[in-house]
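Asks: Quick one: the structure is below, and I'll ask about it shortly.
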Amino acid sequence: MESLWEQTSGHTGFGHLEQDAKTDVLIIGGGIAGVLCAYLLHQAGVLYLLLEAETIGGGITKNTTAKITSQHGLIYSRLIQSFGEETARRYAKANQDAVRAYQDLIDVQGISCDWEERCAYLYGPDVTVLQEEAEAARRLGLPASFTRE
């Protein structure tokens, strides 16, 4: 089955690298992360080269749900335990900042993509683990809460 991305994005039309090239930054991979890096480097006036073996946006990116979140599974309580609260807080903040950066990019560029802010949910059979994760995320400054609904 062809993804919505494949059905609607069209072809990028980029050519193949035919010769040696000099660059300050080499980005390997043309998924959403690589393309975003290229965009930010371009905005900063940095010489970059983005290489993709197949199709821009054609790997994992083409089959994602387009969910942009700072909530990546049961991670925050583990980060606190493994690296300490300050490092975990920096990780949480970096992820929240990234979500805001995407929203700002959409607003500034006038990208029509039906951006909607929605809650992210974790679910599972171990209520205690979920409660601990919600508490850890809250301690780190994320808008988290525990619910049974």
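Asks: Can you find even one residue in the range 30-50 that is surrounded by 13 or more Cβ atoms within 10 Å (Cβ to Cβ) and touching a Phe, Trp or Tyr at 6+ places or on another chain (Cβ under 7 Å)?
Replies: Yes; the residues of the range 30-50 include at least one that is surrounded by 13 or more Cβ atoms within 10 Å (Cβ to Cβ) and touching a Phe, Trp or Tyr at 6+ places or on another chain (Cβ under 7 Å).
Asks: Working only within the range 12-56, note down all residues that are closer than 20 Å to LEU105 by Cα, in contact with a strand residue (DSSP E or B) (Cβ under 9 Å, 6 or more places away or on another chain) and not hydrophobic (A, V, I, L, M, F, W, C).
Replies: Of everything in the range 12-56, those that are closer than 20 Å to LEU105 by Cα, in contact with a strand residue (DSSP E or B) (Cβ under 9 Å, 6 or more places away or on another chain) and not hydrophobic (A, V, I, L, M, F, W, C) turn out to be GLY30, GLY34, HIS42, TYR48.
Asks: Being without any contact (Cβ under 8 Å) to a residue 24 or more places away in the chain, on the phi < 0 side of the Ramachandran plot and part of a loop (DSSP other than H, G, I, E, B) narrows it down to one residue among HIS42, HIS16; which is it?
Replies: HIS16
Asks: Going by the conditions given, is THR61 at negative phi and under 17 Å from the mean Cα position of the chain (by Cα)?
Replies: Judged against the criteria, THR61 is a match.
Asks: Another question about this same structure. Could you check the range 70-83 and list, in sequence order, the residues that are more than 19 Å from TYR121 (Cβ to Cβ) and open to solvent by less than 40 Å² (accessible area, probe 1.4 Å)?
Replies: Across the range 70-83, the qualifying residues are LEU79, ILE80.
Asks: Can GLN19 be described as open to solvent by 80 Å² or more (accessible area, probe 1.4 Å) and either of a type in the set (Val, Ile, Thr) or within 23 Å of ASP114 (Cβ to Cβ) (or both)?
Replies: Judged against the criteria, GLN19 is not a match.
Asks: Tell me which of these LYS67 doesn't satisfy, since it passes every other one: (1) touching a residue at least 12 places away in the same chain (Cβ under 8 Å); (2) part of a loop (DSSP other than H, G, I, E, B); (3) surrounded by 10 or more Cβ atoms within 10 Å (Cβ to Cβ).
Replies: Looking at each condition in turn, LYS67 falls short on (3).
Asks: Anything in the range 127-149 that is farther than 21 Å from ALA88 by Cα and open to solvent by 80 Å² or more (accessible area, probe 1.4 Å)? List them, or say none.
Replies: ARG148, GLU149
The values are calculated or read from the model by the stated rules, or taken from the named source; none is laboratory data. Everything quoted here is computed from the prediction, not taken from an experiment. With ideal geometry, Cβ positions are generated from the backbone for all residues, glycine too; neighbour counts draw on all protein chains shown. When the accessible area is computed, the model is the full protein with side chains, heavy atoms only, and any ligands, DNA or RNA have been set aside. Shrake-Rupley method; radii C 1.70, N 1.55, O 1.52, S 1.80 Å.
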